[in-house]
1. Per residue, how big is the convex hull around the C-alpha atoms of segment 82-223? Give it to me in cubic angstrom, could you?
2. Normalise the Cα radius of gyration of segment 1-95 by 2.2 N^0.38 Å (N = residues in it) and let me know the number.
3. To the nearest 10 degrees, how steep is helix 185-198 against the longest Cα principal axis of the chain, on a 0 to 90 scale?
4. What fraction of the DSSP beta bridges in the chain is antiparallel, stated in percent and rounded to the nearest 5?
5. Can you give the three extents of the C-alpha atoms in segment 236-301 along their principal axes, from longest to shortest, in whole Å?
6. Taking the highest mean first, how do the peptides 278-291, 147-160 order by number of other beta carbon atoms within 10 angstrom per residue?
7. Before rounding to the nearest 500, sum -39500 (n - 2.57) across all DSSP H runs of length at least 4 in the chain and divide by the residue total; then give [θ] at 222 nm in deg cm²/dmol.
8. In 10 Å bins starting at zero, report the fraction of Cα pairs in the chain per bin as a rounded %.
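Every number here is computed from the coordinates shown, using simple stated rules; none is lab data. Quick caveat, the model's predicted, so the values are computed rather than measured. Every residue, glycine as well, gets a Cβ built from its backbone with ideal geometry; the counts of neighbours run over all protein chains shown.
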Amino acid sequence: MKSELKKLSRRVSLLEAPEYHFPYCNTILIEDDACCIIDTSVTEDALHYLRSKHIDLIISTHYHVDHNRYNSHFPQAKIMAHEADFPYLSSRERFISTVGSQYVGVDLSRYLTLDQWGYEFREPHETMSDGRIIDLGHTRFEVLHLPGHTLGHCGFLFPDLGLVFSTDIDLDRFGPWYGNAVCNVSDFIDSIDRVINLKPEMLITSHASGPITSNIQGRLTRYRDEIYRREQEVINAIYRGKHTLWEIVDENIIYRKFHEPQWRYYEWFMIKQHVLRLIDLGKVFADSDRYYLYDGVRPSNLNLA
Ligand SMILES: [Zn+2]
Ligand SMILES: [Zn+2]
């Protein structure tokens with residue numbers, strides 16, 4: 001696997017990984033008075049390139065390993081992350097708890113590939129919260145807390161470049177992903193809307209090839225609306241008599257086909273998020289582990305957005 005280096009300005013570059021290729025992500029390199037990288041799950045050639053630099057700061061966008069794979073390869077660098085994702089960056093046990101084995105009665109950690117990569121957990125040094133300005137000398141950018149995909153998921157606004165780096169608001173044709181125990185679909189919707197409302201001239205995501213400069217709002221809107229399509233399908237399934245989470249899961253609303261066994265569990269967590277949201281919206285109620293539509297709620301009369 002090879003990366004491509006794309007200059008965005010004199011000091012800011014994009015190290016672009018192959019598009020939507022787990023476990024790689026796009027990395028932003030900022031070579032200023034301090035040298036900083038945003039995320040470290042680069043390809044091997046890019047790792048070699050980055051190790052020739054003196055990296056002072058690693059900014060971790062969120063705790064997923066396809067964003068932090070090489071954090072331990074830059075021991076001199078400080079790591080900054082959102083406080084909400086600290087526990088999962090620093091502790092293997094806490095990380096594993098996020099896959100939610102306890103909810104589905106299956107050890108989902110068997111599907112993780114941490115050990116075959118030699119992944120090492122590293123405690124972050126510093127927290128970043130929404131609105132914080134990171135100043136590297138000449139380059140200044142702002143932290144955007146964009147929760148939903150994870151609790152501490154962050155993006156970044158580079159005002160001088162008209163650029164938003166939206167991380168795992170990644171425009172994947174699959175749509176947004178919220179398949180762990182620490183995700184929140186309503187927050188995800190709000191975070192996508194926030195990026196849309198910033199009206200960036202340039203968008204970079206962690207997994208799409210970029211930078212994206214045309215139809216940004218349209219593409220983000222279509223990506224967000226996939227959530228509403230799924231939610232409509234959840235309502236349809238309940239209406240047709242699927243009342244437990246597993247019955248709804250086996251309607252294949254999100255993944256369509258479970259090519260990997262763990263996908264069915266990810267689907268369970270994502271369906272659960274929709275059902276919880278529909279309860280909040282007053283469309284659905286729970287009777288022990290079964291879910292029903294309130295009287296008068298029909299697939300034809302919803303207003304989910
Ligand atoms: Zn992620
Ligand atoms: Zn990602």
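1. Working: hull volume 18.9 nm³, N = 142.
It is 133 Å³ per residue.
2. Values: Rg = 12.8 Å, N = 95, 2.2 N^0.38 = 12.4 Å.
So the Cα radius of gyration is 1.03 times the expected 2.2 N^0.38 Å.
3. That helix lies at roughly 50 degrees to the long axis.
4. Numbers: 27 of 39 bridges.
So the antiparallel bridges in the chain amount to around 70 percent.
5. The principal-axis extents, from largest down, are 38, 22, 17 Å.
6. With the highest mean Cβ count within 10 Å placed first, the list reads 147-160, 278-291.
7. Details: 10 runs with 94 residues, N = 305.
The helix contribution divided over the chain gives -9000 deg cm²/dmol.
8. Result returned by the calculation: 6, 27, 34, 22, 9, 2, 0.
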